[in-house]
Each structure stands twice: as structure tokens, then as C-alpha cells.
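First up is the structure itself, then whatever we jot down about it.
The values are calculated or read from the model by the stated rules, or taken from the named source; none is laboratory data. The structure displayed is predicted, hence computed values, not measured ones. Methodologically, a virtual Cβ is constructed for each residue, glycine included, from the backbone with ideal geometry; neighbour enumeration extends over all protein chains shown. We work out accessible area using only protein heavy atoms, side chains counted, and drop any ligands, DNA or RNA first. Shrake-Rupley method; radii C 1.70, N 1.55, O 1.52, S 1.80 Å.
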Amino acid sequence: MQIEISGNTKQTLQDQLSEPQKILIITHQNPDGDAIGSALGLYNALKGQGHQIDVMIPNQCPEFLTWMPGKQAITVFNQAVDKAKKIIENASLIFCVDFNSLPRIADVELPVRNSSAFKVLIDHHPQPEDFADICLSDTSVSSTAELIYEFIDVIFPEKINLEAATCLFAGIYTDTGGFNHNSSTPRTFEIVAALLKLGINKDEIIGNIYDNYSEYRLRLMGYCLNDKMQVFGDFHTAYISLDKSEMDRFHFEKGDTEGFVNLPLSIKGICFSALFTENTDYIRISFRSKGSFDVNQFARDHFNGGGHRNAAGGKSYVSMSETLATFTHLLSTYKAQLEGSYQ
Ligand SMILES: [Mn+2]
């Protein structure tokens, strides 16, 4: 499936990019593989065409994503606020990738909202906010990286180089959990085939992402599975919770719990999983589901969050024990839906 880019939109984008621009590519807070892969994929495709290009992330990304080509172009907003604000002020064309609303970029929101730059949103999250001049949003694709591929392929196909392809593969691979979920359309694999033809080293990319963890992270995973996972078989649900002291004990670094929320889903009969981690002033929650159970709606209704049908996040501003009690209590309300999702 090809993203719909109408003739007018294509012309507008080509016109924008035919002049030298001060381009800024921004992605969401706590950037994941798709965020960094999409931003740097676009960066690598746009470079060398006479533009000045910056990439910005609201806060630092985990260590296992710092190997991608183009990483030197990234400015971390909260580590260089003055420099970052100047970049935003000067930008003439802003690409917003892998997020659907400006609050997702945290402290970068206001400067971007106030910027008069031409704005293009490229994303796959539902219900995009209406702030961009051009909105390329498609919730049916595996990842934003897939949309970036389509975007480049439509606007200037010859610009998908090896560096861009490497970043885009990393985005698609991580956002599908290694082609585990959100990857049932032929188009995803057609794009992957095209990236392989461009010469990407698939094994090296996967190794860079997954064989890059600390010993502590693996021990923390073992602790979570053995001591901290609660399984509610009747509700096809399991969760893992970690408080601050436990994370400290395992020398927690940003990104260490990446993927943990998916682990309980490998238990036969489990179709709903949650991960609760204690942050300084709130409990961060990740939700995953298999089948029809809509964790986007669940996160919106009960935990100040949202996302996709099968992958969402939320926040809780009460204690861990209260949060877990609320969550557990809610399960009975959803018994029928969880039953239906499992079958
Ligand atoms: Mn994504």
C-alpha cells in the first residue's frame, strides 16, 4: 500500500524542497527506534541538497540507538536549551516525525507552536492534532520509518541512500518488534526488500540494537520475570512493576526496560500486559495487547495516555500501590473484552 500524497501536496513539498531551506526534523520525547530511525532516515535522504539540516530530540535517547548514521546532527533540547531554541527560531521548514500532537515533544512544544516555519507532520499514531501545514498520517503502516520511505520515494526516489536505508530499517525493525507485530501487510516487506537491495547490513543493524545491553539490564529482566511479574489468568492479563529502589539496585539506565512490557505476552493465554515504572513525579505505564483489546482507549480512559490499539502508554500521579490497585480493580470491568481479544 502506498501512502496517498495528492498531486497538490506533492507539488507543494517539491517546491518547498527545491529552495535551500533551514530544515529541522523533530521527534518525540523519550525517542524510540522508530523515532530516531525516522528522523535520521529523513536527515540522510535530505542532506547534500543544499539545505541546512538539524535534528532535535526533547531528551536523550537510550544508548542502543546512538550508532545510527547522522547522529552527530542531533541536538538534545534539554541539554542545550539556548542553542536548541535558536535552531527552532531560524528554521524555515519543520518535519515532525513519529508523534501526533505537540505535547508529545514536551518542552519543545511552545517554541515549535510559535514558529512560523512551514510544518510537515509524518506519523502513524491515531487522531493527529491539526497544527501542520501538511499532515501525512497513516495508522495502517508498521512504523513512521515506513512512511518516511514512502515520502522520499514519492518526492525524490533517488535520494534513498545507504545511510537513510540503514536508519529506516532500524525504525521498521524496532517498531514491529522484529516483524512480530504491526507487520502483516505486503508493503512492509516490499519496503524492507528495497532497503536490502540498497545494501543495508541487516545483521549488523540488528546486532547494534539488540546485542548492546549491559549486564545489569539482563539481570533486571531476570528479576522482573521471576519476582515482579503478576499474572491474572482469568483476565488474560499480566503486569510487571518496578519502583525506584529496585531500579537503583540494578543500576538502571534509560532504555533498560525497553521491551520488558512485551515479555508477558509470550505466556499462553495472556493478551494484555502492562509495565509500571516509578519516575520522579509519576508512575510511567506501558500497555501492550494482542488482538482486539484496545489499549489506546484503555490508556486514554484511565491513565492519562494513549497510543495505538495494541501499544500505548500512560501516566499515574498516585503511588505505585494505588496505581496497581486501580489497574487490578479495572480488570473485572474488562473481562468480556479481554476474553474476546484472546479468542
Ligand atoms: Mn512509531
Checklist entry - Could we say that Y213 is within 16 Å of the ligand (Cβ to nearest atom), in contact with a helix residue (DSSP H, G or I) (Cβ under 9 Å, 6 or more places away or on another chain) and more than 28 Å from N304 (Cβ to Cβ) here? => result no
Next on the checklist: I'd like to check something: does segment 172-185 contain any residue that is assigned to a loop (DSSP other than H, G, I, E, B), within 15 Å of the ligand (Cβ to nearest atom) and acidic (D, E)?
Outcome noted: no
Next on the checklist: Looking only at residues that are in contact (Cβ under 8 Å) with a residue 24 or more places away in the chain, assigned to a helix (DSSP H, G or I) and away from the ligand (no atom under 15 Å from the Cβ) in segment 10-34, which one is farthest from I205 (Cα to Cα)?
Outcome noted: T12
Checklist outcome for this item: Inside segment 35-55, the number of residues satisfying the requirement of being in a helix (DSSP H, G or I) and either buried (at least 24 other Cβ atoms within 10 Å of the Cβ) or basic (K, R) (or both) is 11
Item to check | Which listed residue, of G41, G37, G48, G7, is on the phi > 0 side of the Ramachandran plot and either of a type in the set (G, A, S) or within 16 Å of the ligand (Cβ to nearest atom) (or both) | outcome: G48
Checklist entry - What about F276, is it part of a helix (DSSP H, G or I) and modelled with pLDDT of 95 or more? => result no
Checklist entry - If you go through segment 233-272, how many residues are open to solvent by less than 10 Å² (accessible area, probe 1.4 Å) and part of a helix (DSSP H, G or I)? => result 3
